1. Given the residues 53, 42, 22, 59, which is the only one that is closer than 23 Å to residue 105 by Cα, among the charged types (D, E, K, R) and surrounded by fewer than 17 Cβ atoms within 10 Å (Cβ to Cβ)?
2. Conditions first: (1) under 10 Å from the mean Cα position of the chain (by Cα); (2) surrounded by 17 or more Cβ atoms within 10 Å (Cβ to Cβ). Residue 5 passes all but one, so which condition is the exception?
3. I need every pair where a residue in segment 78-92 that is at negative phi and part of a loop (DSSP other than H, G, I, E, B) has its Cβ under 9 Å from the Cβ of a residue that is exposed (fewer than 10 other Cβ atoms within 10 Å of the Cβ) and of a type in the set (S, T, N, Q), sequence separation at least 6 or different chains.
4. If the Cβ limit is 7 Å and pairs must be 6+ apart or interchain, which residue in segment 29-53 that is touching a residue at least 12 places away in the same chain (Cβ under 8 Å) and β-branched (Val, Ile, Thr) pairs with which residue that is surrounded by 13 or more Cβ atoms within 10 Å (Cβ to Cβ) and part of a loop (DSSP other than H, G, I, E, B)?
Amino acid sequence: MNIKKGDNVYVISGNSRGKNAKVLHVFPDKDRLILEGVNMMKRHTRPSQRNQKGGIVTKEGSIHRSNVKIYCGTCNSPTRVSYRVVESKGSKSTSKVRCCRLCGAEL
């Protein structure tokens, strides 16, 4: 999966279309993400030791990864991800880096 926890993403479909959000949690086996302030759901909870009062709690629901694009801070637009192989300085090892398709900046 090319989206990681902490990335800024742009929602391209659904009720929250057009919002920028931060990725809070990633479920790679299900291809789903939890985004900050997107796809808010209401959950009815009973009183318990943790939640003395109970009632209706609002929290983020998951969203499929096909409904978001990574937001590039350099060119300020949503983009797809491309990869570039970069050699480390001083050693012969290489690493794969995520890049913006539009401007080529590292994400």
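1. Values: 53 fails: closer than 23 Å to residue 105 by Cα; 42 fails: closer than 23 Å to residue 105 by Cα; 59 fails: closer than 23 Å to residue 105 by Cα.
None of the other options fit; the residue is 22.
2. Unmet condition: (2).
3. These pairs meet every condition: 88/95.
4. So the pair list comes out as 38/16; 38/19.
For every residue, the table says whether it meets (1) of a type in the set (Gly, Ala, Ser); (2) touching a Ser or Thr at 6+ places or on another chain (Cβ under 8 Å).
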site	(1), (2)
22	no, no
29	no, no
32	no, yes
39	no, yes
47	no, no
51	no, yes
67	no, yes
88	yes, yes
91	yes, no
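Matching residues to (1) hydrophobic (A, V, I, L, M, F, W, C); (2) farther than 19 Å from residue 13 by Cβ:
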| site | (1), (2) |
| --- | --- |
| 31 | no, no |
| 45 | no, yes |
| 51 | no, yes |
| 57 | yes, yes |
| 71 | no, no |
| 74 | no, yes |
| 78 | no, no |
| 87 | no, yes |
| 94 | no, yes |
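Bear in mind that the values in this text are calculations on the coordinates, not laboratory data. For clarity, every value in this text was computed on a predicted model and none was experimentally measured. We place every Cβ from the backbone using ideal geometry, glycine too, and count neighbours over all the protein chains shown.
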